[in-house]
Amino acid sequence: MAKLHLITYGCQMNEYDSERVAGLLREHRYELTDDERDADLILVNTCAIREKAEDKVFSKLGELGKLKAKRPDLMVGVMGCMAQLHKHEIQRRAPQVDLVFGSPAIAHVADLVAQVRRERRPVLDTGEYPLVKITAKPASASRLKAYVTVMEGCEKHCTFCVVPTTRGRERSHPPETILAEVRGLVADGCREVTLLGQTVNAYGRDLTPATDLAALMALVNDVAGLARIRFTTSNPYNLTPRLIDAVRDVPKVCEWFHLPLQSGSDRVLTRMNRGYTRAQYLTLVDALRAAVPDISLSTDLIVGFPGETEADFAATMEMVERVAYDNVFVFRYSPRPGTPAATMPEQIPPAIKAERNARLLEVTTHVAQARSRRRLHQTVEVLVDGAAKRHAGELSGRTRCNRVVNFHGQGRVAAGDLARVHVTEVLPHSLRGVLASPEEFGVRSGGAPCPEEAVCS
Ligand code: SAM
């Protein structure tokens, strides 16, 4: 067997793609190695969402160039969003790279690698191909939680975002291929799937017949042995009453919703081309909380978008407190080549972005900790991951709302079980608890929601 080393930057979709590439190459006698010095082929899966992500890749390619200078037979490939966006720049700045290919070409990775070996020259493939579902996985991939891509691409054209350029237009996988993948994962021991798409709640409208995420989740819910369903990332513009009802009614769908706001200012939202106002966003939050009162909400926010004034920023800070998010991801605006915002006037200086970033993080941490404290003395459903990393002798798992819980329970419940845990302590980044009484824990078959009083998020 030849050795493959994979380096993955960026989002869950990239993690998913890397795993599929490893699976495809395994069928061509490449086995995974953790050690890049051991590898015959190194593939770098890249992210282009912010400049910092790209800088990391070029710096890594510099290191790999030195490795290749010592071992000329080593093959180095670049895949993913940067490959799509910067193919020529990669070839110019990193001539040690033998192979550059975009996400649509993943299905052909084995042919591309063979072509480089055969022709002994760099190969570049950033073309468009029909959408195929790749379900090949590396041998090491059997695990309790898995991502499942349900659609590719994005057609929102937010003025800050490169995704429509790097990942193309929206294309949904048919429900039956998704179900087949989920069944295969569950047969390998998977208990929780996260359905992935850049705008996952636009799922299905391009299919014939058209369908939607709510219908897909009802189908996935019926897969026996699966315990939990999550989905990300949703766009407020496509959030329908049907999806809200599905989060309430489909038992395995967790009470956890990631809903990027980006900015709390209507002026900025318009300039971002987000397609909703602050008031419309708040109406959606109200509808979600009316349907699922204890739902956990998380969001993405951008600070320092071109033209963002102190008043715009204050509106974002105010939204964080008003919505009371359980978790917030804050990003400093990064101009992306070819996007409208990159050439807008009034770019914000880095020092102001850094200062707003710090202020926003302070508020989001404070709000999230207050939200976490409401879990004290609740009984929560925990999907057990296994031994706790930092607390010897304890188990660790996650609530339906995605909070980490550490508790004593070795020998009573095991990885993959749904346990019920009384929360006894709320820490900044996790919860601690004790197992509920023996007759209550160990819902091994999965899928049964907690009794009403115990449903957590
Ligand atoms: N499709 C989702 C949406 O827009 O609602 C999000 C996908 S994106 C991969 C993840 C997050 O990165 C975005 O929600 C946004 O907050 C952030 N992001 C995207 N482009 C950015 C940019 N140019 N600068 C800073 N942050 C950015």
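Each value in this text was obtained by applying a stated rule to the coordinates, not by laboratory testing. Model, not experiment: these values are computed from the prediction. Cβ atoms come from the backbone with ideal geometry, glycine included; neighbour counts cover every protein chain shown.
Worth pointing out:
- Local charge for PRO428 was computed over the other residues whose Cβ lies under 14 Å away, with Lys and Arg +1 and Asp and Glu -1, and equals +3.
- Global form of region 165-237, assessed from the alpha-carbon gyration tensor, a/c cut-off 1.5: prolate
- Look at where the Cα atoms of region 153-225 and of region 298-352 average out, and the two centres are 28 Å apart.
- All aspartates and glutamates inside 16 Å of LYS66 as judged from Cα atoms, apart from same-chain residues fewer than 8 positions distant: ASP35, GLU36, ASP38, ASP40, ASP98
- Cross-link partners of LYS252 among aspartates and glutamates (Cα-Cα below 13 Å; sequence separation of 8 or more within a chain): GLU192, ASP222, GLU381
- Region 229-245-region 27-53 distance, computed between alpha-carbon centres (Å): 33
- Here the contact order of the chain, divided by its residue count and restricted to Cα pairs under 8 Å and six or more residues apart, works out to 10 percent.
- For region 74-138: rounded, prolate or oblate by the Cα gyration tensor [a/c cutoff 1.5]: oblate
- For region 10-162, convex hull of alpha carbons as volume per residue, Å³: 126
- Annotation: for a label point projected 7 angstrom from Cα along Cα→Cβ of GLU355, residues of region 291-322 with backbone N closer than 11 Å are 310.
- Peptides 299-307, 214-222, 121-129 ranked from most to least packed, by the mean per-residue count of other Cβ atoms within 10 Å: 299-307, 214-222, 121-129.
- Across region 310-404, C-alpha contacts under 8 Å between residues 6 or more apart give a mean separation that, scaled by the residue count, equals a relative contact order of 26 percent.
- Whole-percent pair-distance distribution, where bins are 10 Å wide, for the alpha carbons of the chain: 4, 19, 27, 28, 18, 4, 0
- Dipole of the chain, positive direction: furthest Cα of PHE231, SER263, ILE42, with charges on the beta-carbon: ILE42
- Residues ASP17, ASP40, ASP312 in ascending order of nearby Cβ atoms (within 10 Å, fewest first): ASP40, ASP312, ASP17.
- C-alpha center-to-center spacing [region 381-417, region 121-146] in angstrom: 31
- For region 113-210, the fraction of C-alpha pairs more than 22 angstrom apart is 45%.
- Dividing the summed -39500 (n - 2.57) terms of all DSSP H runs of n ≥ 4 by the residue count of the chain sets its mean residue ellipticity at 222 nm at -10500 deg cm²/dmol.
- Taking every C-alpha pair closer than 8 Å and separated by at least 6 residues, the mean separation divided by the residue count of region 86-171 gives a relative contact order of 23 percent.
- Using bins of 10 Å that start at zero, the share of Cα-Cα pairs per bin across region 289-332 amounts to 25, 48, 22, 6, in whole %.
- Two-site FRET efficiency, GLU394 against LYS52, from Cβ-Cβ distance with R₀ of 45 Å, rounded to 0.05: 0.80
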